[in-house]
Amino acid sequence: MTAGSRASLNEIRAFHARMMAAASNSRDERLERAFNTVRREAFMGPGPWQIVVNRRYLETPNDDPAFLYQNVLIALDKTKGINNGEPFLHAAFLGAVSPMSGETVIQVGTGTGYYTALLSVLVAPGGHVHAIEIDEALAKRSHENLVSFEDVSVICGDATSMELPDADVIYVNAGVVAPPISWLRALRPGGRIIMPWQANDRIGLAVLVTRTDEGYAARALMPAFFIPCIGASDPAQCSKVPTVGDAWSIRSIWLAGERLPDETAVAIYQDLWFSNSAV
């Protein structure tokens with residue numbers, strides 16, 4: 001590119017991919033390739049687009065896809081407040097949960113499929129992504145957008161109540177007060193969940209859960225707020241609400257049917273509890 005000339009869309013996308021690799025805090029070189037391969041504009045619908053800034057929607061001047069390669073939310077359904085999430089945050093999620101070739105992923109909250117496509121690229125070859133979206137219109141759009149991704153199954157349904165296949169990764173795109181125990185039980189040994197834990201109005205944390213031989217290890221990674229997950233966002237199920245400091249201190253999750261809460265419990269729910277003690 002000569003001095004003063006505008007970068008091409010390919011150059012913009014390639015630099016965006018480099019930024020995502022840096023934001024992932026991971027040394028996995030496949031992340032940069034995945035972000036460079038999957039075109040965000042292919043999943044956002046026709047432009048111009050609505051970009052979210054401080055809870056306000058600003059329309060891009062035109063349908064130039066270059067506007068999409070920023071760390072911004074893009075409206076998918078403005079009336080419902082559903083957006084395509086910030087790339088920096090999802091890059092960090094992907095870096096933390098580290099999907100590998102051949103693994104099975106369950107994605108909760110597919111939207112229109114952009115991050116589904118990235119997951120698909122990361123588990124290829126030999127992997128599979130079960131993409132679950134509760135909104136019928138979004139599930140339809142996601143199915144259409146992902147038709148060329150043979151290792152993706154798009155399912156319209158409620159991931160909190162359906163029977164789930166065994167999985168190596170569960171990637172949650174909606175805020176949960178507490179994860180359903182069906183998600184924990186679906187994890188294979190060594191399996192990981194990345195989820196936005198929104199214990200109350202003041203707490204929104206990305207939490208990484210790993211199934212070990214001893215139990216479910218958990219750690220808070222960074223602030224993260226998403227729209228509530230239907231079926232897993234009822235605060236009434238909580239009998240002990242954590243403080244902000246307690247929420248950051250979590251180190252494990254226990255099923256109430258297997259171990260009763262003890263003095264290490266920082267958050268207690270109907271079916272499970274969070275502890276500040278390691279597994």
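Every number in this text was worked out from the coordinates using simple rules, so none of it is lab data. Just so it is clear, the model here is predicted, and its values are computed rather than measured. Positions of Cβ are backbone-derived with ideal geometry, glycine not excepted, and every protein chain shown enters the neighbour counts.
As an exercise, identify the trypsin sites (Lys or Arg not before Pro) in the range 240-271 lying in DSSP coil whose Cβ has no more than 15 other Cβ atoms within 10 Å.
On the way: sites: Lys240, Arg251, Arg259; in loops: Arg251, Arg259.
The qualifying sites are Arg259.
How about Lys140: which lysines have a C-alpha closer than 23 Å to its C-alpha, ignoring those fewer than 8 places off in the same chain?
Counting by Cα, and skipping residues close in sequence, Lys140 has these lysines nearby: Lys78, Lys80.
If I take R0 = 22 Å and measure r between the Cβ atoms of Arg259 and Ser239 in this structure, what FRET efficiency does the formula 1/(1 + (r/R0)^6) give, to the nearest 0.05?
Working: r = 16 Å, r/R0 = 0.71.
The computed FRET efficiency comes out at 0.90.
Once both labels are modelled 7 Å past Cα along the beta-carbon direction, what's the Glu11-Ala42 spacing in nm?
2.3 nm
Determine the gain in length on full extension of the stretch Arg55-Gln70; use 0.36 nm per residue of separation and subtract their C-alpha separation, reporting nm with one decimal. All intermediate terms of the calculation are to be shown ahead of the outcome.
On the way: separation 15, 0.36 × 15 = 5.40 nm, distance 1.64 nm.
In short, 3.8 nm is gained.
Let's see if you can work this out: charge +1 on each Lys and Arg Cβ, -1 on each Asp and Glu Cβ, no other charges. What is the dipole magnitude of the range 127-205 about its Cα centre, in debye to the nearest 20? Present the calculation step by step, with values, prior to reporting the outcome.
Numbers: 6 positive and 11 negative charges, 67 e Å.
Computed charge dipole of the range 127-205: roughly 320 debye.
Report which label in (1) 6, 28, 38, 24, 4, 0; (2) 7, 29, 36, 20, 7, 1, 0; (3) 6, 20, 23, 21, 16, 10, 4, 1, 0 holds the value of P(r) over Cα pairs in 10 Å bins from 0, in percent derived from the coordinates of this structure.
Here P(r) over Cα pairs in 10 Å bins from 0, in percent agrees with entry (2).
Taking the 0 to 90 degree range and rounding to the nearest ten, how far is the long axis of helix 114-123 tilted relative to the main principal axis of the chain, both from C-alpha atoms?
The angle comes out at about 70 degrees.
When the dipole is taken about the Cα centre of the range 9-275, and only Lys, Arg (+1) and Asp, Glu (-1) are charged at their Cβ, what size is it in debye, to the nearest 20?
Working: 22 positive and 30 negative charges, 109 e Å.
Magnitude of the dipole: close to 520 debye.
Length gain on complete extension for the stretch Trp248 to Glu136, per 0.36 nm per residue less the alpha carbon to alpha carbon distance? Before the final figure, lay out the partial values.
Working: separation 112, 0.36 × 112 = 40.32 nm, distance 3.51 nm.
Difference between extended and current length: 36.8 nm.
Taking only DSSP H segments of four or more residues, each worth -39500 (n - 2.57), what value at 222 nm results for the chain once the sum is divided by all its residues, to the nearest 500 deg cm²/dmol? Display every interim value, and only then the final one.
Working: 7 runs with 65 residues, N = 279.
Taken over the chain, the calculation gives -6500 deg cm²/dmol.
Just to be sure I understand the model, the point goes 7 Å from the Cα along the line to the Cβ. What's the resulting Thr79 to Asp158 distance in nm?
Here the modelled spin labels are 2.2 nm apart.
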